[in-house]
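The structure under discussion appears below in the form of structure tokens.
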Amino acid sequence: MSSNPSYNPNSARRCLVTGGAGFIGSHIVEQLIARQHEVVVVDNFSSGKRENLPSEVEVIEADLREGIGAILGKVKPEIVIHQAAQVSVSASMQDPIEDARMNILTSIQLIHDACRHDVQKIVYASSAAAYGPQDSIPLTESMRPVPVSPYGASKYTVEHYLKTAALGWGLREWVALRYGNVYGPRQDPHGEAGVVAIFIQKFLSGDRPTIFDDGEMTRDYIYVEDVARANVKAVETDLQNHSDPVFNISRQEETSVNKVFEILRDEMGSDMEAFYGPPRPGDVRRSILDSSSARDTLDWNPQVTVEEGLRKTLQSFLLSQR
Ligand SMILES: NC(=O)c1ccc[n+]([C@@H]2O[C@H](COP(=O)([O-])OP(=O)(O)OC[C@H]3O[C@@H](n4cnc5c(N)ncnc54)[C@H](O)[C@@H]3O)[C@@H](O)[C@H]2O)c1
């Protein structure tokens, strides 16, 4: 447990959420508020939206690339939950320098400034993309990551800097959460990240979705509210003495793209058939993450099944169309 007598992981904490107006960040903000934590959001609205957030939340519109020291000095958060990122794998392939500028350099600057401003803990949004191709599944945190995209490399790099900050710059605590395939309400259907959002958008516009290859490739889909709860658990669990606080956040369950398509189609009451396109270069055949470490250490369990999560996501897209 903590050596700091004033530290109480159960008390309300003052949190700054970077990228808090985005898809995952806005769900984290909602749950932090529901748990009585104080929340300030910083976002440049490059993909996030003000309407994703409850009106009472304080939002600072700023670009992290221009520095966050002054904001930290003003807000004085105890905890920074760092979600803001360049989130596109293909954009990172096309422009690795800009990806590194946002995802690596800006994150290092944030970590360094956080230490100078007495932030006690940083909760970091990492990704299963860090792993790259591995010889076996499920992916476990003890495997040596070999990221194949600049995006995956950037996520892995920042984990190292968090460790460096704890060892050398006085950061009390850090946690990196390697998310699986996150889906749910408010996901941008125009990005590349979410097959679920893309399929729903296609159904709603009457277009046939494209499934690459034979559709039997699997992913470990996790509902966004479960991911947000993992972040809240990371805020509330004292991990100061944990030697390597990196956790997979997943259902630990494989679902094929065909299955996702079928569930959504049934729920829509549609008889639409998908187009089957060629395989996409670099797509791994199967993906599943072992999340037992998060379950044990963070006392976290995913609660929403894929069927239920897909249903809820579809309902939210239908509601937002009205
Ligand atoms: N969606 C997934 O499946 C997934 C999987 C693994 C990891 N992640 C990680 O989770 C985090 C959140 O992703 P998301 O899917 O919610 O994406 P998102 O694009 O919805 O959210 C990112 C937020 O960061 C903000 N932002 C971006 N650049 C900024 C800058 N320079 N200054 C200030 N704000 C900035 C955006 O406006 C947006 O609100 C990211 O770090 C992403 O890499 C996401």
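Based on every Cα atom in region 103-185, Rg and the maximum pairwise Cα distance Dmax equal 13.7, 42 Å. Fewest-first ordering of TRP300, TRP174 by other beta carbons within 10 Å of each residue's beta carbon gives TRP300, TRP174.
Its Cα gyration tensor gives region 66-116 an equivalent ellipsoid, and the semi-axes of that ellipsoid, as √(5λ) in whole Å with the largest first, are 25, 10, 8. Couplings 3J(HN,Hα) for region 288-294, derived from phi with the Karplus relation 6.51 cos²θ - 1.76 cosθ + 1.60 (θ = phi - 60°), are 7, 10, 6, 10, 5, 5, 5 Hz, where x marks Gly and Pro. Based on the Kirkwood radius over alpha-carbon pairs, what is the Stokes-Einstein translational diffusion coefficient of the chain at 37 °C with 0.692 mPa s viscosity, in µm²/s? Answer, rounded: 163 µm²/s.
Using alpha-carbon pairs under 8 Å, 6+ residues apart, how would you state the relative contact order of the chain in percent? Computed value for the chain: 18 percent relative contact order. A cut-off under 13 angstrom between Cβ atoms defines the neighbours of PRO147, and their net charge, with Lys, Arg +1 and Asp, Glu -1, is +1.
Here the convex hull built on the C-alpha positions of region 260-322 has a volume of 151 cubic angstrom per residue. Semi-axis lengths, largest first, of the ellipsoid equivalent to region 196-262 are 34, 15, 8 Å, with √(5λ) applied to each eigenvalue of the Cα gyration tensor. For ALA84, the residues 5 or more places off, or on other chains, whose built amide H falls under 5 Å of its own are THR18, GLY19. Bridgeable aspartates and glutamates around LYS202 (alpha carbons under 16 Å apart, same-chain partners fewer than 8 residues away excluded): ASP188, GLU192, GLU262, ASP266, GLU267, ASP271, GLU273.
Our note on the geometry: Cα centres of region 39-69 and region 244-269, 29 Å apart.
Only helices enter this figure: runs of n ≥ 4 DSSP H residues, each worth -39500 (n - 2.57), summed and divided by the residues of the chain, yield -11000 deg cm²/dmol at 222 nm to the nearest 500.
Region 88-142 and region 183-216 have their alpha-carbon centroids 25 Å apart.
Expressed in units of 2.2 N^0.38 Å, where N is the residue count, the Cα radius of gyration of region 196-322 is 1.23.
No value in this document is a laboratory result; all are computed from the given coordinates. Nothing here was measured: the structure is a model prediction, and the numbers come from that model. Cβ sites come from the backbone with ideal geometry, for glycine too, and all protein chains shown count toward neighbours.
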